[in-house]
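Have a look at the structure below, then the notes.
The values are calculated or read from the model by the stated rules, or taken from the named source; none is laboratory data. What you see is a predicted model; the values in this text were computed from it and never measured. Heads up, the Cβs are rebuilt from the backbone with ideal geometry, glycines too, and the neighbour counts pull from every protein chain shown.
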């Protein structure tokens, strides 16, 4: 599209005259949210994952305060969130999402579908390494995984660029009908506070972006179309169409960059070159490290060395001519990447090599992996890499490897890590086994399977877990979903566990346990394992939202392990975002209070009742305020598992930090939750419901408002007159569920 046409179409002449910019101080996440609000999206699909959570939190806060008119949907997983976005887009809406790392991987099956359908959505990617063991810091392995998915890809090296490229990306995406990624570095950019320029008026942004272009959509009843058909041989032609769209984008992007420059005075190109055009050595590097490398270039040039940094802004479409021109005749170039590919070379090194080879160029590319796991990249690091290119002809053979790991260290030869704990024996942990009557005094002597941890003061997780484990005899193996319970116990190289332990991402604990118990049963049958083991999966922090399908699968298979959920009513490990076990009206960072917002809009998900439909042999709730009941249920759960059955329990777990509650009030808070029937104590054994505590019968039942009074600022608004109608609705629903439970307990046939 010629620039003159673009200017006329976007009324750029009028916009240049009218648009003013103002200073905005914020982080990369905050300016991404600012751009989303300024652009005027119809909707956002959202799921919290570090380090991108704040984007959705800021957007939802603006919606709650009446500052934005858009739909905001919290999915039950990353895949659910991107599927919500797909639905918004196929209905003709302008839609956006944000993610990081393994969250992007969970979206992976939907990502090529979005590009294949030509849906122009935007995904903000706060880059974070894909890994195990768990690391939440910056890496580009998530970004590299997207390069074949058919998405436009813009790289934002600065906080300013995060804002600007969001505005640019949606315009390009909607013009060529391709989705777009705006990638910026997790923590290094997502949490870096900077003073930037933004548009003073949203209408100026929206004039530049333009209205949502008309396109085929699912809601056009006069011209019904079929989207996403079954396709075999013709699929190759859709790939041709994708290529044609990328060619259009390649032609269009410089025009949009120029139009944006005319509007703001800030110029972007496919690739930025900083330093000497005729440099003798260069460094190719992405995003925030590219910004740091500019200082490296300045230091080297002060020593009269001709060097340059090459920092790409666009990776898809691949700007081959611009990349080749940026490299020029520089004889040696270090290609530094926050990713590692086990192949003929690293991701971008291979692409640059192919670009040069097609042009018959013989520049030497020296590939280096750096910064994985969030390691900082400083100007002195850039100097070292530039010196590697500068001195390459004279360095040792070891340094001539195709791919090296800059910043890795060899460790200490002969290091033998000390044993932190003496493993507990089955004899030490076998108390009252097989006794019909529980000797609770004796069980108080049960050794803890979990030692010191770094949980917040007043946290209910380990009060619950340690109490529950007093009822579990013998050998135990723990499997944890990602969450606070995992984070505060396993900071490398230490561990809090005196038993075998495994962590496998946010939602995979149940399925992982299935695999483990299958091998356990197999090896016992073969005589390779003699000892009896009880397997316990610990979940919480919303892990049974994202992992609910896997929990249901284990229940349906009747896999013999105990699954214990510490229900702390939110995604607490990522900062207190909404999960569906939270109470209606509860305040979350992404379900805030405001003149248009009243916290969470749905009543709490009743996991026990959902699992009732799987015919699981044993389901229960428990609370630390009723310790004898919890220990008895632990013994019963273990007996069920020993008989070859699945058992699931949910315990009420206070989170003083994110609830805004007093650290010392945990047991009293739990007691009120139980007595108000917000968290009733019951069990379902082979389909028959038993109430374990009836506060109504003993005259101790209290109102939900009385419970909320003590539960902290996440709930205290529900005690005020302004929210009286909402509190009555919660009371009515609580009473309805309680009455239903009593009926179920009264009639075993129900």
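In segment 94-120, the residues that are in the same structural domain as residue 186 (by TED's automatic domain parsing) and on the phi > 0 side of the Ramachandran plot form no Cβ pair under 6 Å with any partner that is at pLDDT below 95 and part of a strand (DSSP E or B), whether six or more places apart or across chains. Residue count for segment 213-253 under the criterion of being within 25 Å of residue 20 (Cα to Cα) and surrounded by fewer than 16 Cβ atoms within 10 Å (Cβ to Cβ): the result is 0. Among the residues of segment 336-374, the ones that are part of a helix (DSSP H, G or I) and either crowded, with 24+ Cβ neighbours inside 10 Å or under 33 Å from the mean Cα position of the chain (by Cα) (or both) come to 9 in all. Right, residue 198: crowded, with 19+ Cβ neighbours inside 10 Å and more than 21 Å from residue 339 (Cβ to Cβ) or not? Taking the combined requirement at face value, the residue satisfies it.
Report whether or not residue 547 is buried (at least 24 other Cβ atoms within 10 Å of the Cβ), modelled with pLDDT under 95, within 22 Å of the chain's Cα centre (by Cα) and within 23 Å of residue 674 (Cβ to Cβ). No. Does residue 30 satisfy the condition of being under 18 Å from the mean Cα position of the chain (by Cα) and either under 21 Å from residue 193 (Cα atoms) or surrounded by fewer than 21 Cβ atoms within 10 Å (Cβ to Cβ) (or both)? Judged against the criteria, residue 30 is a match. Applying the criterion of at least 1 residues that are modelled with pLDDT of 95 or more and under 29 Å from residue 372 (Cβ atoms) to the strands (runs of 3 or more DSSP E) found wholly in segment 23-106 leaves 43-46, 95-99. Checked against (1) in contact with a strand residue (DSSP E or B) (Cβ under 7 Å, 6 or more places away or on another chain); (2) at pLDDT below 95, residue 374 passes all but condition (1).
Residue by residue, here is whether (1) assigned by TED's automatic domain parsing to the domain that holds residue 340; (2) touching a residue at least 24 places away in the same chain (Cβ under 8 Å); (3) part of a loop (DSSP other than H, G, I, E, B); (4) within 23 Å of residue 189 (Cα to Cα) holds:
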{"site": "258", "(1), (2), (3), (4)": "no, yes, no, no"}
{"site": "263", "(1), (2), (3), (4)": "no, yes, no, no"}
{"site": "268", "(1), (2), (3), (4)": "no, yes, yes, yes"}
{"site": "279", "(1), (2), (3), (4)": "yes, yes, yes, no"}
{"site": "290", "(1), (2), (3), (4)": "yes, yes, no, yes"}
{"site": "293", "(1), (2), (3), (4)": "yes, yes, no, yes"}
{"site": "301", "(1), (2), (3), (4)": "yes, yes, no, no"}
{"site": "304", "(1), (2), (3), (4)": "yes, no, yes, no"}
{"site": "309", "(1), (2), (3), (4)": "yes, yes, no, yes"}
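Out of 490, 534, I need the residue that is touching a helix residue (DSSP H, G or I) at 6+ places or on another chain (Cβ under 6 Å), surrounded by fewer than 24 Cβ atoms within 10 Å (Cβ to Cβ) and within 25 Å of residue 419 (Cβ to Cβ). Which one? I'd like the intermediate steps shown before the answer.
Working: 490 fails: touching a helix residue (DSSP H, G or I) at 6+ places or on another chain (Cβ under 6 Å).
Exactly one residue qualifies, and that residue is 534.
Can you find a residue that is outside any loop (DSSP other than H, G, I, E, B), in contact with a strand residue (DSSP E or B) (Cβ under 8 Å, 6 or more places away or on another chain) and over 20 Å from residue 616 (Cα atoms) anywhere in segment 547-567? Scanning segment 547-567, I find no residue that is outside any loop (DSSP other than H, G, I, E, B), in contact with a strand residue (DSSP E or B) (Cβ under 8 Å, 6 or more places away or on another chain) and over 20 Å from residue 616 (Cα atoms), so the answer is no. Evaluated against (1) more than 29 Å from the chain's Cα centre (by Cα); (2) farther than 30 Å from residue 542 by Cα, residue 406 falls short on exactly one condition, (1). Apart from one condition, residue 380 fits all of (1) farther than 23 Å from residue 140 by Cα; (2) modelled with pLDDT of 95 or more; the exception is (1).
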